[in-house]
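Have a look at the structure that comes next, please.
The values are calculated or read from the model by the stated rules, or taken from the named source; none is laboratory data. Note that the structure is predicted; figures quoted are calculated from it, not measured. All Cβ positions, glycine included, derive from the backbone under ideal geometry; neighbour counts span all protein chains shown. We work out accessible area using only protein heavy atoms, side chains counted, and drop any ligands, DNA or RNA first. Shrake-Rupley method; radii C 1.70, N 1.55, O 1.52, S 1.80 Å.
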Amino acid sequence: MKLQLVTFMLASLFGRCHVAPAFGDAFQLGTEQSYSYWNEVRAGNTRNVSLTVGYIVRATIRAATVWGNDEHKLLRFQVESPTLSTTPGDVSRKSTLSEIGSAPFFAYWNLGQIKKIYVDENNDVTLTNFKRGVASLFQYQLLDGKYVEVDPSATCDVQYTSYDETRYRKARSNCVFAGERFERSEYPLRSSTVYSRNVDFTVSTEGSLDNVKAEDYFEYSVNAYDKFGSFLESIVKLDSKGSTVKVKTIQKNTIEEAVKSLGLKEKTLLSEDYIPKCTNKNCDTFAKLINAHKKSLANERIGKQGTSKLFLQLVKLGRTTSTETFQRVLKDEAMQEQRGQVLDLLGAIQTVASHKAAKSFLSFESDEEMFLAERYLQALAVGSRPQKAVIEDLLAMAEKRPNEEKFYDTLVQTVASLANRYAKLPGNSFETNVVQQVQDYLVKQLNRCGKDRCKQKFIRGLHNLKSPQTLNVLVKLALEGSSKTSVAAMKALRSFSVFLWNDEFRATFEDILFQVSKKFDTSARALALDILLDLKPDYDELTHLAQLLKSNDKAYELKQYLLQKLNMLADRCPHFATMLRKVIQNDPRLNNYHVIGARGLSTALMRTYSSVPSFNATLESLQEMSGGVLKRGVVDLALEVGEEKFSMFTLGLFAGGLSSFVSSNDEEENVDDSDSIAGMELSVQGSVFRPLVFFDGKGELMGHVWSGTASEPTPAYQATTLLQDNEQRFALQNGAVFHLSTLGAISIDLNGQVTMSIWGRNAHSKVEQNTGIVVSGSVKLDTTFVSLDVCFVASQEPQLHLTSDLDFSSDPTLCMQVMQPNSVLSQTFERSVSAPMAKYRKIRQTKITHKIAGVTHVLNQKNNNMCNLIAQS
Ligand SMILES: *[C@@H]1O[C@H](CO)[C@@H](O)[C@H](O)[C@H]1NC(C)=O
Ligand SMILES: *[C@@H]1O[C@H](CO)[C@@H](O)[C@H](O)[C@H]1NC(C)=O
């Protein structure tokens, strides 16, 4: 072992001694070599790689060594007769590039690495970037091994591998890319970048550069759709023209003195960002765009793709818009109809400037103003870029405890949601100071509460915060709280990641489900069951859960709920279906009609909402009934990508104390006889809003929505929010900087209508959800001499219609129908290339439309039977 080590050290010493002079031969002082330079850049759609735009730059490059010793050298580069051509396009645009060639630039070479370049102060950024790309081609090692190198795009580990004495490859890994980037933490809403970057080069037997081929390939796609995105490819070739000429050298003693004598500006190899300034009069601004498209922002246009498309453009512009501009838009009398959507926008833009503007505008005098204040807070709650300053501001507002109860509730939910999203940003966690402050506030307020309603507000806050540090608080409330508190705590617990549930938590949920220590509300039990099933039970655990079906527990609706959920899971997963069949077959007491055909109206269903070629999404409906009426209902629309699920929208319904209106001779335990209450609980992108209570208390029942006169559908939720939000910047090896970005928006209009006749003993409800979904992404490369831009946009207007008929004239029957009308998915790819100095621009567009057939979802046999019964009566 020791001997080996010594041999190795000797070998590597010898290696070094042998190779070091090779560099000396490579850039011989006072010599200059000429190379032909060729760079082709292409960009296109990932779906069809034959549809591209691109450009080619050709030039002659002269590289001279004007000062040097073995370790340090000063290289001089001169770019001659550069030309630019574009595809599509036929004219060569020589003149536009002449500036690159006008003056030489220099590079400081140190043992194979280019440490600095020296350029004319007046060079624009993109020409300097081009020079960085040229200089970096002369950065190479002749000894195989791992090095750390900086090039125009990143600092990377670089592996040099030689194929023979003159042919080498360098491969980069662990790159730390320059430039800010932003992306959401939720995988289904993210975009993926795949890249490869390689350099192959050959040297002469003396070690001087013969030719180089440097390749970059970037593929950028939106996770939510299959193969939906763009690619960018760059190939640089440098070939020696063979001849070497003598040149004058700089007569200085040190490299520092030599550099100083140039009188040029020193720069690193890392490319600098460049964003072309909009100089012509047609430039879009936030105010201009909003005025031009006022109509698209009216409330009746919510739920349409046009609204979402405009929303994306406005968010982009709004991120650099001033507080004053926002204030002017908000105060504009002509914008009165649009204020709701403008506040949605401010919430999505989520800068300190937009927050200031919204805050200065909001007041709470009238119901209308209150509605707008809450709308802004709800938009902020689901925004993708939470700001610390905004969270602190809202927390301070909450600490002052506003008098308006609904606004206060919404404020608490918004602060909690923002803190949750803030904790998930890179570099943050639930331990981050401001997140802790929000958590402390919520827990402290919760402890101060006396009444259930107060507790529910702060439990919902913890639900939105989802800090693992609060699990014990929630478990305690689930176990020891009143019925309502316990259910609220269980709802919160269900929203946490299943990865948190260890054996101890599992035992707690089993206690609640099987009522080991005491009796629990059936909704708390159903939620405990949901969690235990989320944990993907194995055979033994499933056998244990199934015991509930044959037990003498009187909660027959809970048994039905379990049965429904088992069937639902078996429908979606063949492995689970096999296991479930085994569990039932192995227990004769389970395998009989009374158990399998248990009574009860509770249902659990999961159906495909959308699939390829559009995004994959499922619709889950859980309806827990009690005494013939709905007790807790959830309809959830979730985006699915790979193994990951993201809840886009959840409509929750809750009711209590209604069973007395329906049937009186029910032996089910736990039928609650509290005051009647009914309401709706929405969550958008995982943020739960304060509940909308339809009525509360026996006296009010007949006087409200359910009085049988609600013949017009009433909007329950209308808003446009961001989905995807991604921005990245990279540079190619040729020095050019490019930007990747994706924004997506969903505009939702949910309206409903409920009619109920106590005399006819029936109820009818209709809920319609109209959505406009747009995702728009781009890959943009900009320089002062050429620009490439590839955009991809997908848009669709899916709708969902839910109707239910309940007849409780005798044995209650419930018929539900879920329908999705036809829709169209359109995908547009636009590619453009322009040479700004030559005033040249070409745009190509490809559009694909897919007709998505409508579907009436088959629910289950029991539902079909009941629909038939109702149809006959
Ligand atoms: C790609 O586009 C070209 C030109 O429009 C077309 O001929 C070709 O069929 C397309 N290929 C695919 C795979 O769609
Ligand atoms: C959607 O689901 C199909 C079928 O499971 C799968 O092949 C496809 O890759 C999924 N698409 C996305 C974007 O997850």
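Take peptides 332-339, 42-49 and line them up by average Cβ neighbours within 10 Å, highest first, as a rough protection proxy. List each step's numbers first, then the result.
Working: 332-339: 14.0, 42-49: 18.6.
For the peptides 332-339, 42-49, the packing ranking is 42-49, 332-339.
May I ask you to order 844-856, 509-521 by the average number of other C-beta atoms within 10 Å around their residues, highest value first? Could the numbers behind the result be given before it?
Values: 844-856: 12.2, 509-521: 17.8.
Listed from highest to lowest mean packing, they are 509-521, 844-856.
Roughly how many percent of the accessible protein surface of the chain is carbon and sulfur, given a 1.4 Å probe and a whole-percent answer? Write down the numbers at each step before the final one.
On the way: 19980 of 38410 Å².
Answer for the chain: carbon and sulfur cover 52 percent of the accessible area.
Just going by the charge dipole of the chain, with Lys and Arg at +1 and Asp and Glu at -1 on Cβ, which of 371, 345, 718 is farthest out on the positive end?
345
Please compute the per residue accessible area over the chain with all protein chains in place, 1.4 Å probe, rounded to a whole number of Å². Let's see the in-between values first.
Details: 38410 Å² over 873 residues.
Accessible area per residue, the chain: 44 Å².
Working from Cα positions, state the angle (0 to 90°, nearest 10) between the long axis of helix 2-26 and the longest principal axis of the chain.
Once rounded, the angle reads 60 degrees.
Using 1/(1 + (r/R0)^6) with R0 = 60 angstrom and r between the beta carbons of residue 257 and residue 196, what's the FRET efficiency to the nearest 0.05? Before the final figure, lay out each step's value.
Values: r = 42 Å, r/R0 = 0.70.
Step by step, r from the Cβ atoms, then E = 0.90.
For the chain, what is the mean residue ellipticity at 222 nm derived from helices alone (per DSSP H run of n ≥ 4: -39500 (n - 2.57); sum divided by total residues; nearest 500 deg cm²/dmol)? Intermediate results must be reported in sequence, preceding the final value.
On the way: 24 runs with 284 residues, N = 873.
Helices in the chain give a 222 nm mean residue ellipticity of -10000 deg cm²/dmol.
Take the alpha carbon gyration tensor of segment 536-600, find the square roots of its eigenvalues, order them as a ≥ b ≥ c, and report rounded if a/c is under 1.5; if not, report prolate when a/b exceeds b/c, else oblate.
On the way: a/c = 1.71, a/b = 1.40, b/c = 1.21.
Judged from the Cα gyration tensor, segment 536-600 comes out prolate (a/c at least 1.5, a/b above b/c).
Further question: All other residues with a Cβ under 15 Å from the Cβ of residue 366 taken together, and with Lys, Arg as +1 and Asp, Glu as -1, what is their net charge?
Result for the neighbourhood of residue 366: -3.
Take the alpha carbon gyration tensor of segment 202-284, find the square roots of its eigenvalues, order them as a ≥ b ≥ c, and report rounded if a/c is under 1.5; if not, report prolate when a/b exceeds b/c, else oblate.
Details: a/c = 3.02, a/b = 1.54, b/c = 1.97.
Oblate is the answer for segment 202-284, as a/c is 1.5 or above yet b/c matches or exceeds a/b.
What is the helix-to-structure angle for 433-448, meaning the angle in degrees between its Cα long axis and the longest Cα principal axis of the chain, kept from 0 to 90 and rounded to the nearest 10?
In the chain, helix 433-448 runs at an angle near 10 degrees to the longest axis.
Treat each spin label as a single point 7 Å out from the Cα along the C-beta direction, and report the residue 841 to residue 25 distance in nm.
5.4 nm
Sticking with this structure for a sec: Starting from the Cα of residue 247, step 7 Å along the direction of its Cβ; do the same at residue 643; then give the gap between the two resulting points in nm.
With each label placed 7 Å out from Cα toward Cβ, I get 5.7 nm.
Using the structure shown, select from 304/444; 267/424; 406/518; 484/582; 304/451; 116/170 the pairs with a Cα to Cα distance greater than 32 angstrom. It would help to have the intermediate numbers written out before the result.
Values: 304/444 43 Å; 267/424 36 Å; 406/518 34 Å; 484/582 37 Å; 304/451 42 Å; 116/170 21 Å.
Correct reply: 304/444; 267/424; 406/518; 484/582; 304/451.
Taking R0 as 41 Å, what's the FRET efficiency between residue 337 and residue 83 from their Cβ-Cβ distance, rounded to 0.05? Working shown, then result.
Numbers: r = 55 Å, r/R0 = 1.34.
Once the sixth-power term is evaluated, E becomes 0.15.
Please determine, in degrees from 0 to 90 and to the nearest 10, the orientation of helix 125-136 with respect to the longest principal axis defined by the Cα atoms of the chain, where the helix direction is its Cα long axis.
The angle comes out near 70 degrees.
Another question, then. Could you tell me which of the pairs 131/246; 565/631; 294/356; 309/847; 400/476; 476/559 are separated by over 21 angstrom between their Cα atoms in the structure shown?
On the way: 131/246 23 Å; 565/631 17 Å; 294/356 23 Å; 309/847 16 Å; 400/476 28 Å; 476/559 25 Å.
Check vs 21 Å cut-off fails for 131/246; 294/356; 400/476; 476/559.
Reachable aspartates and glutamates from residue 645, Cα under 15 Å, same-chain residues fewer than 8 places away excluded?
Residue 645 reaches 186, 534, 620, 636.
Using r as the Cβ-Cβ distance of residue 217 and residue 799, and R0 as 41 Å, what FRET efficiency do you calculate, to the nearest 0.05? All intermediate terms of the calculation are to be shown ahead of the outcome.
Details: r = 40 Å, r/R0 = 0.98.
The calculated FRET efficiency here is 0.55.
Right, another one. Any idea how far apart residue 761 and residue 811 come out in nm if each label point goes 7 Å out from Cα toward Cβ?
Label at residue 761, label at residue 811, 1.4 nm between them.
Note down the magnitude of the dipole of segment 717-873 about its Cα centre, charges +1 on Lys and Arg C-beta and -1 on Asp and Glu C-beta and zero elsewhere, to the nearest 20 debye.
Numbers: 12 positive and 11 negative charges, 156 e Å.
Result for segment 717-873 is approximately 740 debye, rounded to the nearest 20.
With only Lys, Arg, Asp and Glu charged, each at its Cβ (+1 for the first two, -1 for the last two), find how big the charge dipole of the chain is about the Cα centre; round to the nearest 20 debye. Show your work: numbers first, answer last.
Working: 100 positive and 98 negative charges, 388 e Å.
Its charge dipole is roughly 1860 debye.
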